[in-house]
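Engineer: One structure, pasted below without further comment.
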Amino acid sequence: MPKVTESRQTEDQLTRDMLASTASFVNCVNGFNGDNPTEITKADISDVVQDLLSNNAYTIMDNIEGADKFGTAPIRSAYFALCSTQLTTSLDSVNGFVQKNQYPSPMNALDSEWGAVGNLRFLISSIGSITYGASALSKNVFNIFVTGMQGYACIEQDGYSASFIYRPPMYDGPLALNSTVGFKFAECPRILNDLWVLNLRCTRA
Amino acid sequence: MSTDTTILQGSFVSTGSNQFIPLRGGVEWMETKNVTSQATPANLDALSSSWQIGMPDNSGSFNLYVAASTACVEFYSTDGGYTLVDTSAQTSGVVTNTITAISTAITPVVTNTGVNGLVAGQIVRLSNCLGGAQALNGIDFIVGPSSLTNTTFELLSAPQLTTAGTTGGWSVINYDPIFYPRNRVISIMAPIDNTTSILTTIPHGLTVGQQIRLNISDDLYGNWVAANNVQTTIIEVTSNLEFTVSFNSSALGTFDFPVTATGAFTPAAITPFGENTPYAVAQGVNILADATLNTAQIGMLLKAGASEPAGSAGDLIYWKAGVSFSVDNN
């Protein structure tokens, strides 16, 4: 039986699949795991940030000013990097990675946020994009969608955003034995400017 | 009819090939009637058939006509019939590490041990290849019709290797990313007059008038890095693997796929991003051909054949599908 969260998750999955199909991609090439693409490194992140800056993509999040607190670090204005929860270990190993609990004001972090490196803030999801067996060594390739402001959108038909519909048993039949639940929506995810969304492909460390 | 019952029905004329019937999600039973065979039955024709949830893929229950007794018998088969399909469910192919060599022919030919079981047009992904084919690892290629035997297959659109590949693996890729249009890896580019011909490693699916962006960011591509981020218009589609764009690349020299690369790199690729509307109008083609389209489908694949649900060519077949109030397959 579907849950309310599944309807929104389906939207996320469709948007994910659209980005995996059509976004320009860049392989991580500066790691040391001997694969192609390699694991993610600071140099790969710097390259993709430079690409987005050169493409005039606006950052999504403002910087977080430094504060006089132990163990914290200021956070730059940032693009979003959307990726799988399976990359958390790799991200922890990236030079310069700042966990969100090290932000000067952690309340500015999003629930799904894992941390930041340079000008990227990483949002993780269990349904993050993976291309199975697609690396040179036949390992899974993780697609990290790095996006600037208004890089892509979900366009809904008028009056047809996600609806979660529950009908109690009284609508079922003479004996009111079965209730039904389901969801529906009509929308299309679409890249608005292909220069502002890049798929940074990597494998795990 | 109560709410929790979903009934779908329709008909089709068999082409003699397997028939895919798009259905809404959650279908739990399906029936077919071959009314052509029912009117003029031949021995072992499936006059009707059915499937319900719990039966394995490629199975079904068949009502077969037996000419000798001019009667029908019920027959259950797990070799033919109905297969529920969800094309958005993409699974990794099994890597078969049976490659023993990849040739330096213009169209590279792979030699494998055992029986590859491939047919022309299938997509394969190379991995773990050593020798001179390391740069092809992780890239998808289409199997060509020539040199195709149980122990050899050609990579139809692959760049020519300078040094032969040695051992490695391959897997069949049975799916495409579900959204159209899709980015594609470039195998070969060549200036032609004031335009550029592009060969992709697998079918591109693009049409005249669509705009693409060239992504050639890796320094291994030499002068062609100057074409990175160039946006250009498709002016001719030569084949499902090749098209011509308006970009004049004559100043960039020869395009060389970095076949000698042994480390990580980003292969050159195209990204479709829109439509050149004035050009499309001038060419009389669909100005919305670039539209983002979810190509995934849910439905039932019916196997073709006189004793199967999709029948023989020309057979008229009616079908019904639905959902049950309750399923108890303990």
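The values are calculated or read from the model by the stated rules, or taken from the named source; none is laboratory data. Everything numeric here is computed off the predicted structure, so don't read it as measured data. FYI the Cβ positions are ideal-geometry reconstructions off the backbone, even for glycines, and counts take in every protein chain you see.
Engineer: Of everything in the stretch B:262-276 that's surrounded by 20 or more Cβ atoms within 10 Å (Cβ to Cβ) and of a type outside the set (A, V, I, L, M, F, W, C), which residue is farthest from the other protein chains (Cβ to nearest Cβ)?
Structural biologist: B:N276
Engineer: Name, by its number, the condition in (1) within 14 Å of chain A (Cβ to nearest Cβ); (2) surrounded by fewer than 16 Cβ atoms within 10 Å (Cβ to Cβ); (3) touching a residue at least 12 places away in the same chain (Cβ under 8 Å) that does not hold for B:N286.
Structural biologist: Going through the list (1) within 14 Å of chain A (Cβ to nearest Cβ); (2) surrounded by fewer than 16 Cβ atoms within 10 Å (Cβ to Cβ); (3) touching a residue at least 12 places away in the same chain (Cβ under 8 Å), B:N286 breaks only (1).
Engineer: Out of curiosity, is B:I142 touching a residue at least 24 places away in the same chain (Cβ under 8 Å) and in contact with a helix residue (DSSP H, G or I) (Cβ under 9 Å, 6 or more places away or on another chain)?
Structural biologist: In short, no.
Engineer: Here's another thing I want to ask about it. Does A:S24 count as surrounded by fewer than 20 Cβ atoms within 10 Å (Cβ to Cβ) and of a type in the set (S, T, N, Q)?
Structural biologist: Answer is no for this residue.
Engineer: Moving on to the next point. Would you tally the residues in the stretch A:178-192 being more than 8 Å from chain B (Cβ to nearest Cβ) and out of contact with any helix residue (DSSP H, G or I) (no Cβ under 6 Å at 6 or more places or on another chain)?
Structural biologist: Matching residues across the stretch A:178-192 total 7.
Engineer: Scan the stretch B:53-71 for residues that are within 24 Å of B:V323 (Cβ to Cβ), surrounded by 15 or more Cβ atoms within 10 Å (Cβ to Cβ) and without any contact (Cβ under 8 Å) to a residue 60 or more places away in the chain and jot them down.
Structural biologist: If the condition is that a residue be within 24 Å of B:V323 (Cβ to Cβ), surrounded by 15 or more Cβ atoms within 10 Å (Cβ to Cβ) and without any contact (Cβ under 8 Å) to a residue 60 or more places away in the chain, then B:M55, B:S59, B:S61, B:N63 are the ones that fit.
Engineer: Taking the stated definitions as given, is B:P203 touching a helix residue (DSSP H, G or I) at 6+ places or on another chain (Cβ under 7 Å) and either outside the structural domain of B:G144 (by TED's automatic domain parsing) or touching a residue at least 40 places away in the same chain (Cβ under 8 Å) (or both)?
Structural biologist: It is false that B:P203 is touching a helix residue (DSSP H, G or I) at 6+ places or on another chain (Cβ under 7 Å) and either outside the structural domain of B:G144 (by TED's automatic domain parsing) or touching a residue at least 40 places away in the same chain (Cβ under 8 Å) (or both).
Yes/no per residue for (1) under 30 Å from B:N329 (Cα atoms); (2) crowded, with 17+ Cβ neighbours inside 10 Å:
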position	(1), (2)
B:S17	no, no
B:A46	yes, yes
B:V73	yes, no
B:N97	no, no
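Engineer: For residues in the stretch B:289-300 being away from chain A (no Cβ under 12 Å) and either among the charged types (D, E, K, R) or touching an Asp or Glu at 6+ places or on another chain (Cβ under 9 Å) (or both), which is surrounded by the most Cβ atoms within 10 Å (Cβ to Cβ)?
Structural biologist: For the stretch B:289-300, the residue satisfying everything is B:G299.
Engineer: Still on this structure, I have one more. Restricting attention to the stretch B:128-155, which residues are touching a Pro at 6+ places or on another chain (Cβ under 8 Å) and farther than 27 Å from A:T203 by Cα?
Structural biologist: B:E154 - this is the single residue of the stretch B:128-155 that is touching a Pro at 6+ places or on another chain (Cβ under 8 Å) and farther than 27 Å from A:T203 by Cα.
Engineer: Collect the residues in the stretch B:304-327 that are within 14 Å of chain A (Cβ to nearest Cβ) and either within 19 Å of B:S61 (Cα to Cα) or polar (S, T, N, Q) (or both), keeping them in residue-number order.
Structural biologist: The answer is B:V323, B:S324, B:S326, B:V327.
Engineer: Please report, ordered by residue number, the strands (runs of 3 or more DSSP E) entirely within the stretch B:61-173 with at least 2 residues that are more than 21 Å from the chain's Cα centre (by Cα) and within 14 Å of chain A (Cβ to nearest Cβ).
Structural biologist: Strands (runs of 3 or more DSSP E) meeting the threshold: B:96-102.
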